[in-house]
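Trainee: Once you've had a glance at the structure underneath, I'll fire off some questions.
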Amino acid sequence: KRLYYIMHPVQNSEQTLYLPTDSTKAIIRRVMTKEEAKRLIHDIPTIENLEVPNEKQREASYKQALHGCRGRDWISILKTLHQRKEERLAAGKKITALDERYMRVAEQELYGELSIVLGIEKENMHDYIQDQIAALKKVLRQCPKTANEMMVRQDKIKSNVGFIFFFATKSAILA
């Protein structure tokens, strides 16, 4: 006998995944809380872009950040890809297929978990995040000293959030 987690993706409950409980290949973690999700969104302006040493290591950098299952890393990927997209478009170039693929995956993961936790439709998550950042910027303009103190305190808080969209049940299944 071997123990498995039986998991059903929230976005597709008809799909079933079986993960051995002793697997070292998969990361299982709790879904972030509503407070953690709001803090993560609030921290977006202070999260730095992903460090990509050179073009040959770009995909490896994206993969490493994705596999870390940390919210801040997913946002770093998205910020890096959005900046790169703007630079390429300004230079008259298209976004690369690699960048487009990783942007889509990072957005799906980020928006998927945030939508579950915050109770907002996944399709509306981009606009919700933009609205929250705009509101934060407005506060920063109106009360720069207080807002700056808040940002300094926020920088000291370490976030260990990642992404997983499954609710698991431990079951004994014959292997």
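The values are calculated or read from the model by the stated rules, or taken from the named source; none is laboratory data. All figures in this text were calculated on a predicted structure; none of them were measured in a lab. Note that we place each Cβ from the backbone using ideal geometry, even for glycine, and neighbour counts take in every protein chain shown. For accessibility, only protein heavy atoms count, side chains too; no ligands or nucleic acids. Shrake-Rupley method; radii C 1.70, N 1.55, O 1.52, S 1.80 Å.
Trainee: Being under 20 Å from THR46 (Cβ atoms) and more than 9 Å from the chain's Cα centre (by Cα), is that true of even one residue in the stretch 85-102?
Mentor: Checking the stretch 85-102: at least one residue is under 20 Å from THR46 (Cβ atoms) and more than 9 Å from the chain's Cα centre (by Cα).
Trainee: Please find, within the stretch 39-61, the residue that is modelled with the lowest pLDDT out of those that are among the charged types (D, E, K, R) and buried (at least 17 other Cβ atoms within 10 Å of the Cβ). Outline the logic, then answer.
Mentor: Kept after step one, since they are among the charged types (D, E, K, R), are these residues of the stretch 39-61: 39, 43, 48, 51, 55-56, 58-59.
From what is left, the residues that are buried (at least 17 other Cβ atoms within 10 Å of the Cβ) are 43, 58.
Values: ASP43: 93, ARG58: 89.
Here the answer is ARG58.
Trainee: Has the stretch 28-37 got at least one residue that is at pLDDT 90 or above and among the aliphatic types (A, V, I, L, M)?
Mentor: Yes, because at least one residue in the stretch 28-37 is at pLDDT 90 or above and among the aliphatic types (A, V, I, L, M).
Trainee: Could you please tell me which pairs satisfy a Cβ distance under 7 Å, a separation of 6+ or placement on different chains, a first residue in the stretch 88-109 that is touching a residue at least 40 places away in the same chain (Cβ under 8 Å) and on the phi < 0 side of the Ramachandran plot, and a second residue that is open to solvent by less than 80 Å² (accessible area, probe 1.4 Å) and in a loop (DSSP other than H, G, I, E, B)?
Mentor: Taking only residues 6 or more apart or on different chains, the pairs are GLU109/PHE163.
Trainee: Hey, another quick one. Pairs only if they're at least six apart or on different chains, beta carbon under 7 angstrom, first in the stretch 122-139 and open to solvent by 60 Å² or more (accessible area, probe 1.4 Å) and at pLDDT 90 or above, second of a type in the set (S, T, N, Q) and assigned to a helix (DSSP H, G or I); list them, first residue then second.
Mentor: Taking only residues 6 or more apart or on different chains, the pairs are LYS122/SER115.
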